[in-house]
1. Per the Kirkwood treatment, what hydrodynamic radius in Å, one decimal, follows for the stretch 274-415 from the mean inverse distance over all distinct Cα pairs?
2. When the chain is fully extended, how far beyond the present Cα-Cα distance does Glu379 get from Asp253, taking 0.36 nm per residue of separation?
3. Nearest 500 deg cm²/dmol is fine: what mean residue ellipticity at 222 nm does the chain get from its DSSP H runs of n ≥ 4 alone, each adding -39,500 (n - 2.57), divided by its residue count?
4. Output wanted: per-residue J couplings in Hz (rounded whole) for the stretch 196-213, from phi through Karplus 6.51 cos²θ - 1.76 cosθ + 1.60, θ = phi - 60°, x for Gly and Pro.
5. Sort Met323, Met56 so that the residue with the fewest other Cβ atoms within 10 Å of its own Cβ comes first and the one with the most comes last.
6. Sort out for me the Cα centre separation of the stretch 369-448 from the stretch 132-197, rounded to whole Å.
7. State the three equivalent ellipsoid semi-axes of the stretch 5-60, derived from the C-alpha gyration tensor as the square roots of 5 times its eigenvalues, in descending order and whole Å.
8. On alpha carbon coordinates alone, what is the Rg over Rh value for the stretch 354-435, Rh being the Kirkwood radius?
Amino acid sequence: MTTHKHQIVVIGGGTGGIMVAAQLLRARKGLDVAIIEPSEEHYYQPAYTLVGAGLMKKSATVRKEKRQIPKKATWIKDYVETIDPDSMEVILRSGDVVAYEYLIVAPGIQINLDGIEGLKEAYGKNGVCSNYIDPDYTWEVLRNFKGGVALFTQPATPIKCPGAPQKIMYLTADHIRRNKLEDKTTIVFATPGTVIFGTEPFKTELKHYVNEVYDVAQRYGYKLVKIDGEKKEAHYERLALPEGRTDYVHNDDTNRAGFKGYYPENGQIVEFAEANGPLNELKEGARFVIKYDMLHLAPPQSAPGWFRKTKLANPDGPDKGWMAVDKHTLQSRFYKNVFGAGDVTDLPTARTGAAIRKQAPTIVKNLLAVMDGKDAAYEGYNGYSSCPLVVAHNRMLLAEFKYDNVRSSDPLLSKFFDTGKASYPMWLLKRYGLPFMYWNMMLKGYNF
Ligand SMILES: Cc1cc2nc3c(=O)[nH]c(=O)nc-3n(C[C@H](O)[C@H](O)[C@H](O)COP(=O)(O)OP(=O)(O)OC[C@H]3O[C@@H](n4cnc5c(N)ncnc54)[C@H](O)[C@@H]3O)c2cc1C
């Protein structure tokens, strides 16, 4: 066992870890920064959406981790097993210990295939795919799709990039049109959420796409509880809808190709045309089964298992297991020399790389203040996150928002483009601009 010592230790060399480390090293010369990261590869995950739709190669999303680690940082290539914030030590899988004065925690999110009955057995065959796990397989499923029910769904847990489950749905719908499979296909979006998107004007624009452009059958308050991969069935339980709402089923009033669903209580088959009646009459707790031909899902997610057991995690409450940080300063709520970035935190906003772009400068400013013996008083983070919603093979709208679902569109970009409307220039930003900014600006520590 060896004990390493570093002034600042960063856990995770993904989006958050590299961005914060690079900005720190630009902000103050001579800092001793170590990054603990086990992977040889660094992935640009936002492009998985395009890979899943056959619009980009997976190989274009990967670069060598050693090229992303800032030159002046030390790379410790190992897994963290636990953190002891009282003795200010990180324990590695090799048994080595890394002692720190200040800690940045950014190990990302964990995918839990055990979180839904039958998912582990069903995933990766018979049309069950996920851009969160293997976008190449999504594209294989999509290009072999010959019509039927294409079901898009997401779990009741928090997930990274909550827009991603519907982005691949729009791209699939466009693919289906281009291949003239519309008449043979029903696209279904089933979500535990209650709206297609929380913030205007993006909500109105997306409603236009799901209702008018692609005629998607939508189910809200639908919690996925089981997948039967052999029978190609997804089982749902209904959640309570917000006060006064009873409209679980939307845009379901036409006869649709291929659809079959049934109530497990009595096995009674329900045709789509009937859905607005009987299906909306079923109340909270009712079960419904959707038969699919292809199923894209976001799997259940949580903070990493080892992290959940540390003293930096919320011990209870709705955010149990996620890292407890102040939502404006990003300092740990329990330890003043620790800060959190990205997906592992309990910040009440969408978990995205774009959010981290705005978190990093706040972490840097506050960490330097703490190092100088001051308080972490800079309340610089306002919950900014963004979601580039690709709605076709050549159209995107850029949803930018902050805490409480308030729109927060970039003023400069908004001078030239209506970012709330899907457009071709925004698509070019997604396909070329954002990847360029990620590799050459965000990971290099530029604050913009
Ligand atoms: C399909 C999909 C689409 C997305 N689309 C977008 C988008 O359009 N825009 C956007 O902004 N974001 C998008 N995201 C989300 C974005 O990729 C994440 O929010 C972001 O990468 C989170 O950064 P992070 O540093 O918290 O975690 P990650 O970038 O996941 O990094 C975590 C790092 O920690 C390392 N690690 C894990 N365990 C350990 C351990 N025990 N010890 C040490 N290191 C460890 C991992 O190897 C990894 O390198 C998308 C994600 C997906 C999956």
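Where a number appears in this text, it was derived from the coordinates with a stated rule and is not lab data. As the structure is a prediction and not an experimental result, all values here were calculated from the model. When we count neighbours, we look across all protein chains shown, and the Cβ atoms used for this are built from the backbone with ideal geometry, even at glycine.
1. 18.2 Å
2. Stretched out fully, the Glu379 to Asp253 stretch lengthens by 40.5 nm.
3. Numbers: 13 runs with 98 residues, N = 448.
Calculated at 222 nm, the ellipticity per residue is -5500 deg cm²/dmol.
4. Listing the rounded values in order: 6, 7, x, 10, 7, x, 5, 4, 5, 5, 6, 4, 4, 5, 6, 7, 9, 6 Hz.
5. Numbers: Met323 29, Met56 19.
By the 10 Å Cβ count, ascending: Met56, Met323.
6. About 24 Å separates the Cα centre of the stretch 369-448 from the one of the stretch 132-197.
7. Details: eigenvalues 185, 28, 10 Å².
Result for the stretch 5-60: semi-axes of 30, 12, 7 Å.
8. Numbers: Rg = 15.9 Å, Rh = 14.3 Å.
That ratio is 1.12, to two decimals.
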